[in-house]
Amino acid sequence: MNVITSREFYQNTGKAYKLAKIDPVLITKYGKPDIVVLNYSEYQRLNNLSPTRSLYDVFATADPQVAEIELELPERTVDDQRPEVEF
């Protein structure tokens, strides 16, 4: 991995661009790792990007037997009070 300082990056972004085409570039700030620049194909590989699914799609493709699960909740009354929460 190539390493350049943030100052070098600001002064010569073209250099960082060319380096990132080949290998990820670590940009340091005050001597500490700050940002990594990498080409898009590497980004896709690392994140294993796939199309996002809507909540509808998730439930529409769910196991039909899951829809048969019944959830029984006790009835609430006016006397039910919320639990006290301390922050």
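Tabulated results
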| item | result |
| --- | --- |
| Every pair of residues 6+ apart whose Cβ atoms lie under 8 Å, when the first sits in region 24-40 and is closer than 17 Å to ARG7 by Cβ while the second is buried (at least 16 other Cβ atoms within 10 Å of the Cβ) and small (Gly, Ala, Ser) | VAL25/ALA16; ILE27/ALA16; VAL37/ALA16; VAL37/ALA20 |
| Some residue of region 71-84 being modelled with pLDDT under 75, surrounded by 10 or more Cβ atoms within 10 Å (Cβ to Cβ), farther than 20 Å from ILE22 by Cα and of a type in the set (Lys, Arg) | no |
| Test: residue in region 53-66 that is of a type in the set (Phe, Trp, Tyr) and at pLDDT 85 or above | no |
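The values are calculated or read from the model by the stated rules, or taken from the named source; none is laboratory data. These figures come from a predicted structure and were not determined experimentally. All Cβ positions, even for glycine, are placed from backbone atoms using ideal geometry, and neighbour counts span all protein chains on display.
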